[in-house]
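For reference, the structure discussed in these notes is given below.
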Amino acid sequence: MPHKIEVFSANRPLCNKVVDEIEAGKCAGCQLIVHNLSENLELARNYSVRVVPTIIIDGEIKIEGQPDIPFVCSDETYAHFKERYPLTIQLTRPYDDS
């Protein structure tokens, strides 16, 4: 199943390492979007980003820093991340009709 993976980065060594690991482990169907924190402050506030890197997967998972396991696009990895790193904020997006 393809996933939308957003990474908030500040172009620092750890940020670049995490982005490289995700790029290497994601499947062809997954969408990787890297947000420069200083250029996307509003979106970062919506996700309550406090540190970089922060990884948001499908708007349901929030990983601050480096994940505890290597990123490999699989149902098992996604289930692990969803259990260990649930996104606990309620997102409000300007384009939602609700």
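The values are calculated or read from the model by the stated rules, or taken from the named source; none is laboratory data. A quick note: this is a predicted structure, and the numbers were derived from the prediction, not measured. FYI the Cβ positions are ideal-geometry reconstructions off the backbone, even for glycines, and counts take in every protein chain you see. All accessible areas refer to the heavy atoms of the entire protein, side chains included, with ligands and DNA or RNA removed. Shrake-Rupley method; radii C 1.70, N 1.55, O 1.52, S 1.80 Å.
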request  = Return the total of residues in the range 54-66 being open to solvent by less than 30 Å² (accessible area, probe 1.4 Å) and on the phi > 0 side of the Ramachandran plot.
outcome  = 2
Subset of the range 8-25 [open to solvent by less than 30 Å² (accessible area, probe 1.4 Å) and either more than 13 Å from the chain's Cα centre (by Cα) or closer than 25 Å to residue 79 by Cβ (or both)] = 8, 18, 19, 22, 25
key: Matching option when the condition is among the hydroxyl-bearing types (Ser, Thr, Tyr) and in contact (Cβ under 8 Å) with a residue 24 or more places away in the chain, among 74, 38   = 38
task = State yes or no: is residue 28 assigned to a loop (DSSP other than H, G, I, E, B) and open to solvent by 70 Å² or more (accessible area, probe 1.4 Å)?
result = yes
ask   = Residues 61, 69, 55: which one is under 13 Å from the mean Cα position of the chain (by Cα) and either free of Cβ contacts under 8 Å to residues at least 40 places away in the same chain or farther than 15 Å from residue 7 by Cβ (or both)?
value = 61
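Rundown of residues vs (1) hydrophobic (A, V, I, L, M, F, W, C); (2) part of a loop (DSSP other than H, G, I, E, B); (3) buried (at least 17 other Cβ atoms within 10 Å of the Cβ), yes/no style:
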| residue | (1), (2), (3) |
| --- | --- |
| 2 | no, yes, no |
| 6 | no, no, yes |
| 38 | no, no, no |
| 48 | no, yes, no |
| 52 | yes, yes, yes |
| 68 | no, yes, no |
| 76 | no, no, no |
| 83 | no, no, no |
message = Criterion first (open to solvent by less than 20 Å² (accessible area, probe 1.4 Å), in a strand (DSSP E or B) and of a type in the set (A, V, I, L, M)) does residue 33 satisfy it?
response = no
